[in-house]
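J.: Below are the structure tokens for one structure; questions will follow.
The values are calculated or read from the model by the stated rules, or taken from the named source; none is laboratory data. In this text, all values refer to a predicted model and were calculated from it rather than measured experimentally. Here Cβ is always computed from backbone atoms with ideal geometry, including for glycine, and neighbour counts include all displayed protein chains. In case anyone asks, the SASA skips ligands and DNA or RNA and just uses the protein heavy atoms, side chains included. Shrake-Rupley method; radii C 1.70, N 1.55, O 1.52, S 1.80 Å.
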Amino acid sequence: MSQELTTQSSTTPAPLSFGQQIEAAKWLADSKGLVPDDYHGKPANVLLAIGLGQQIGLSPQRSLVDINVIKGKPTMSAQLIESLVRLAGHKLRITKEQKPDGPSVTCTIIRKDDPDHPYSVTRDKQWAHSMGLDKPGKNGAPSNYTKQPMTMLTWRAITACAREACAEALYGIAYTPDEVHDSDPQPAQKTVARRRSGRLAAVAQAQQQDAPTGAEA
């Protein structure tokens, strides 16, 4: 028994009181360069991340790495979601395939309380394209779904399957930062607007050049 307590105390940080969490949030929010930029100057967001992380068993520092507040909603990394599923006692399996039409990843979760009915979710290149995730970024750089599709599809398959199979293991945080940003406006619309504006300007210039001068009249 004493050995179990010793092992647990060496891996799980001691919980902080609410007052200690507030104090830690103030200090961490002022720490520019040492915490993610999204937390700098936002002690309330830091406090939320610390509190949620403490429920999961994370230290304040680890909470700021794996938990992020996007548009007022807490999110966490796909790696943390995978860990929480396994810590809850469920089995999580990944199957990766390189098909002729692109990579495909299937995540299967077998609940410990219902092993006869596994949950499976597949994410592939066609899915990423239908979601617009393979489009270039605002600066024209290739999407991560173009540069490292297998990795990105793996994380998406895990998070989607976890939400369906064992939402209770995620402590109410069901999405990753990338998934929250899926609803952001696409830069392609601005590009189309610029192209149309450029074509209209070119037409106007051509018409002006073709118009008769005063001497010709």
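J.: Looking at residue 158, is it closer than 26 Å to residue 62 by Cβ and open to solvent by less than 80 Å² (accessible area, probe 1.4 Å)?
T.: Considered against the rule, which asks whether it is closer than 26 Å to residue 62 by Cβ and open to solvent by less than 80 Å² (accessible area, probe 1.4 Å), residue 158 comes out as yes.
J.: Going by the structure shown, is residue 41 touching a Ser or Thr at 6+ places or on another chain (Cβ under 7 Å) and open to solvent by less than 60 Å² (accessible area, probe 1.4 Å)?
T.: no
J.: Given the options 63, 77, 31, name the one that is free of Cβ contacts under 8 Å to residues at least 24 places away in the same chain, within 20 Å of the chain's Cα centre (by Cα), open to solvent by less than 50 Å² (accessible area, probe 1.4 Å) and on the phi < 0 side of the Ramachandran plot.
T.: When all the criteria are applied, what remains is 63.
J.: I need the full set of residues from the stretch 132-148 which are under 15 Å from residue 178 (Cβ atoms), of a type outside the set (D, E, K, R), open to solvent by 60 Å² or more (accessible area, probe 1.4 Å) and not in a helix (DSSP H, G or I), in order please.
T.: 148
J.: Oh, and also: Please count how many residues of the stretch 29-69 are of a type in the set (Asp, Glu) and at pLDDT 85 or above. Lay out the reasoning, then the answer.
T.: Pass one, the stretch 29-69, residues of a type in the set (Asp, Glu): 30, 37-38, 66.
Narrowing further to those that are at pLDDT 85 or above: 30, 66.
Total meeting the criteria: 2.
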